[in-house]
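The values are calculated or read from the model by the stated rules, or taken from the named source; none is laboratory data. As the structure is a computational prediction, the values presented were derived from the model and not from experiment. Cβ: placed from backbone, ideal geometry, glycine included. Neighbour counts: every protein chain shown. Quick note on the areas: whole protein, heavy atoms, side chains included, nothing else; ligands and nucleic acids left out. Shrake-Rupley method; radii C 1.70, N 1.55, O 1.52, S 1.80 Å.
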Number of protein chains: 2
Amino acid sequence: MDSETAGLLKKLIDGERVAHLGTVRGGAPMVSMTLYMAERDYSAFYVHVSRLAWHTQDMMQDGRVALSISESDDRRADPFTLMRVTIRGEATQMISGPKDAWLTRFPEQAINFTLADFSFWQITPRDARLVAGFGRIHNISAAELKQ
Amino acid sequence: MDSETAGLLKKLIDGERVAHLGTVRGGAPMVSMTLYMAERDYSAFYVHVSRLAWHTQDMMQDGRVALSISESDDRRADPFTLMRVTIRGEATQMISGPKDAWLTRFPEQAINFTLADFSFWQITPRDARLVAGFGRIHNISAAELKQ
């Protein structure tokens, strides 16, 4: 991955706060919005989810996930040019998790730590696919993703 | 669905322009950002996609999809309160499609109609799941979705 692409990817992942998490539910696709946090080197991504949520039930059945992070729609003329990346990987439930960093990023989420049904899941990337513009598609390995 | 919920759903679907499309790829989840357009009564949703795109290849293998539409992140204190809906359904490739309405909605997309590899797909909803706020989750049938 060239340094310009790496810079775009960093701007995207570090600049956004919400992602769309893809899981398999009964053999069919499911997608739901989640908050996310990335390790500084993108070796792992974290979500903090309730076991009452469908995506959590799905990950308990099958840890394979896709996490899509897209530039927020800024109402530009052509929204198809919004940059986006999809990270595919394996999700595993964590015993504890990066609570302090999460609360620094999402202070309003403190309430969820008082609820017994929430826990962190770690997503370890297998690969990623970056769409940086029309026809500017980059397939990225987990090794390349790690900056 | 009560009229307040129906109003929120309408505001969401009519107000946004991009969605996240979930497909199954080799048995695993895939999610990618797409532009979308809805029938006025939400009996169908449309995407205009290239057969070179992974999601199109996936839909050709298995038409089951999930289309997630979320409020754009407006940088509010708690992004977990962003409203979102996931429509699950069946995607089928169309011979033609709603080209004029699509171009009214996305004028900059005209170029894609000069490319042979783009076509419309229609997503017929099977059900939907609306998250209108913390704990405000509504499971919606296709019949209820149709307004």
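List of remarks:
- Selection within segment B:44-58 - within 10 Å of chain A (Cβ to nearest Cβ) and aliphatic (A, V, I, L, M): B:Leu52, B:Ala53
- Of all residues making up segment B:82-99, the number that are touching a residue at least 40 places away in the same chain (Cβ under 8 Å), assigned to a loop (DSSP other than H, G, I, E, B) and among the small types (Gly, Ala, Ser): 1
- Any hit, segment B:72-81, residues being in a loop (DSSP other than H, G, I, E, B), of a type in the set (Asp, Glu) and out of contact with any Phe, Trp or Tyr (no Cβ under 8 Å at 6 or more places or on another chain): yes
- Among the conditions (1) assigned to a strand (DSSP E or B); (2) under 28 Å from B:Leu103 (Cβ atoms), the only one that B:Met59 does not satisfy is (1).
Every residue, every condition in (1) at pLDDT 95 or above; (2) open to solvent by less than 50 Å² (accessible area, probe 1.4 Å); (3) within 8 Å of chain A (Cβ to nearest Cβ); (4) in contact with a helix residue (DSSP H, G or I) (Cβ under 7 Å, 6 or more places away or on another chain), yes or no:
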position	(1), (2), (3), (4)
B:Asp78	yes, yes, yes, yes
B:Met83	yes, yes, no, yes
B:Gln93	yes, no, no, no
B:Pro98	yes, yes, no, no
B:Gln109	yes, yes, yes, yes
B:Gly135	no, no, no, no
B:Ala142	yes, yes, no, no
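- Looking only at residues in segment B:67-76 that are under 14 Å from B:Arg129 (Cα atoms) and more than 7 Å from every other protein chain (Cβ to nearest Cβ), the one that is surrounded by the fewest Cβ atoms within 10 Å (Cβ to Cβ) is B:Leu67.
- Considering A:Arg40, A:Arg64, A:Arg105, the condition of being within 7 Å of chain B (Cβ to nearest Cβ), at pLDDT 95 or above and either over 30 Å from B:Gly15 (Cβ atoms) or in contact with a strand residue (DSSP E or B) (Cβ under 7 Å, 6 or more places away or on another chain) (or both) is satisfied by A:Arg64 alone.
- Matching residues, segment A:111-133, being hydrophobic (A, V, I, L, M, F, W, C), under 23 Å from A:Lys146 (Cβ atoms) and facing chain B (nearest Cβ under 9 Å): A:Val131
- Options B:Gln147, B:Gln122: the member that is more than 29 Å from A:Gln109 (Cα to Cα), in contact with a Ser or Thr (Cβ under 6 Å, 6 or more places away or on another chain) and open to solvent by 30 Å² or more (accessible area, probe 1.4 Å): B:Gln122
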